Amino acid sequence: MRENLSEVALVSDDEIIAAVRFLALRVRVIAEPTGAVGAAAVLSGKLARARGSAWCSPGGNVDPGLLIQILHGR
């Protein structure tokens, strides 16, 4: 990781939830919260270099009830 890591960004749970919602509603990608951490960093402006970088690993491993809550903004 030391050879490839360029920066680290810390994101909040609220920023991760917002990223899951954004990915689902705007990009039409269902991402589990852990997979949306990189997107949260980019969307919150905490990660400057997004172009050409791998920053999202979507996965459908999210509880349907939790996903519904996230999408409804609860």
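The values are calculated or read from the model by the stated rules, or taken from the named source; none is laboratory data. A quick note: this is a predicted structure, and the numbers were derived from the prediction, not measured. Ideal geometry is used to build each Cβ from the backbone, glycine not excepted, and the neighbour counts take in all protein chains shown. Surface areas here come from the heavy atoms of the whole protein model, side chains and all, with no ligands, DNA or RNA. Shrake-Rupley method; radii C 1.70, N 1.55, O 1.52, S 1.80 Å.
Could you check the range 1-22 and list, in sequence order, the residues that are touching a residue at least 40 places away in the same chain (Cβ under 8 Å), in contact with a Pro (Cβ under 9 Å, 6 or more places away or on another chain) and open to solvent by 50 Å² or more (accessible area, probe 1.4 Å)?
Result: 17, single match.
Can you pull out the residues in the range 28-38 that are out of contact with any Pro (no Cβ under 9 Å at 6 or more places or on another chain) and not charged (D, E, K, R)? Give the steps one after another, and end with the answer.
Pass one, the range 28-38, residues out of contact with any Pro (no Cβ under 9 Å at 6 or more places or on another chain): 28, 33-34, 37-38.
Listed by number, the residues that qualify are 33, 34, 37, 38.
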